[in-house]
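A quick write-up on the structure given underneath.
The values are calculated or read from the model by the stated rules, or taken from the named source; none is laboratory data. Computed from a predicted model, the values in this text were never measured in an experiment. Here the Cβ is made from the backbone with ideal geometry for all residues, glycine too, and neighbour counts use every protein chain on show. Quick note on the areas: whole protein, heavy atoms, side chains included, nothing else; ligands and nucleic acids left out. Shrake-Rupley method; radii C 1.70, N 1.55, O 1.52, S 1.80 Å.
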Amino acid sequence: MEVVTNSSGKQGARAIRVMLADDHPIVMTGFAMSLAGVGMDVVGQARSPEEAAALYAELKPDVLVLDIRFGTELTGLDAARSLLAAYPAASIVFLTQFDQDSLIKEAYRLGARAFVTKDCDPADLATAVRHANDGKLYFLPQIAERLANLSVRGDVSPQSQLDARGLEIFKLMAEGLTNAEIAERLNLSTKTISNISQSVKEKLGVHRQAYITRLAVKHGLIEP
């Protein structure tokens, strides 16, 4: 570990360099203050997945604290996929107000070092950052228990049962688009969409619009 000398002449461990990415400035400022208060160095803040990827490449922080939901088409999960493809050793802590099982499992599958919710104690976030910096995993006890249960009973989410095209169409169905509207959006024939949507309904065991939307919300595919 790199050692630095502080202003008093004493030696100490180098402060962990942390970057934050969240589209709520007040939330981000609050967490930045809490991390700085325990001696961490908040080197940058981003407000979108695109900005997070660009700023990470510029700053190369020790740990990235990344929100999952942004008010954009891309999500924190998308940003994490891109960053981990370019920087496999990146240490990412997901911080979110949503804790659906599917999000927890996807974050873990991607290679996140930690997953904490925004209502956690600031000390938990600091612990998550320290663990991530040390190459260790950190999940809040209730999150770790749910992750373990998911591994035991298996994943029955739409993400696990549908291919990329089917999942894309399922999300549009959940948003209330008709087959004709989906066909226009994806530049495919209405017949093709009709066949895929019927297959999606059968695979997931849902046919009514309300159930389709509810399932998508439950697994974090669309906003409530």
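Report, in listed order, any pair from 105/171; 105/201; 171/218; 118/171; 60/118 with a Cα-Cα distance greater than 21 Å. In this structure, 105/201; 118/171; 60/118 lie more than 21 Å apart at Cα. Specify which labelled value, from (1) 20.1, 74; (2) 21.2, 76; (3) 19.0, 72, agrees with Rg and Dmax of the Cα atoms in Å derived from the coordinates of the model shown. The value matching this structure is (1). Along the range 186-196 the Karplus relation, 6.51 cos²θ - 1.76 cosθ + 1.60 evaluated at θ = phi - 60°, assigns HN-Hα couplings of 9, 6, 10, 6, 4, 4, 4, 5, 4, 5, 5 Hz to successive residues, with x for each Gly and Pro.
Taking every DSSP helix (H) stretch of at least 4 residues in the chain, weighting each as -39,500 (n - 2.57) and dividing the sum by the residue count yields a mean residue ellipticity at 222 nm of -16000 deg cm²/dmol.
Shown for the chain: the carbon plus sulfur share of the solvent-accessible area, taken with all protein chains present and a 1.4 angstrom probe, equals 51%.
Ranking 190, 92, 120 by how far each Cα lies toward the positive end of the dipole of the chain (charges on Cβ) leaves 190 at the top. For residue 192, the accessible area of its heavy atoms, probed at 1.4 Å with every protein chain present, is near 50 square angstrom. Once each of the GluC sites (Glu not before Pro) sitting in a DSSP loop with at most 16 other beta-carbon atoms within 10 Å is removed, the chain keeps 74-174 as its longest stretch. Going 7 Å from the Cα of residue 175 along its beta-carbon direction, which residues of the range 65-92 have the amide nitrogen within less than 11 Å of the resulting point? Counting backbone N atoms under 11 Å from the label point, the list is 73-74. By how many degrees, 0 to 90 and rounded to 10, does the Cα axis of helix 101-110 deviate from the longest principal axis of the chain? Approximately 60 degrees, to the nearest ten. The calculated FRET efficiency for residue 36 paired with residue 137, based on their beta-carbon distance and R0 = 22 Å, is about 0.35. Of the candidates 61, 88, 49, which one comes out as most mobile in a Gaussian network treatment of the chain with C-alpha springs shorter than 10 Å? Most flexible of the set in this elastic network: 88. The HN-Hα couplings worked out from phi for the range 76-90 by the Karplus form 6.51 cos²θ - 1.76 cosθ + 1.60 (θ = phi - 60°) are x, 5, 4, 4, 5, 4, 5, 5, 6, 5, 8, 10, x, 8, 4 Hz, whole numbers, x standing for Gly and Pro. Between 81, 109, 69, the GNM of the chain built on Cα springs shorter than 10 angstrom shows 109 fluctuating the most. Would the range 42-124 count as rounded, prolate or oblate if I go by the C-alpha gyration tensor, calling it rounded below 1.5 in a/c and otherwise prolate when a/b exceeds b/c, oblate otherwise? Since a/c stays below 1.5, the shape of the range 42-124 is classed as rounded.
For the chain, the Cβ-based charge dipole about the Cα centre amounts to some 500 debye (Lys, Arg positive; Asp, Glu negative; other atoms uncharged).
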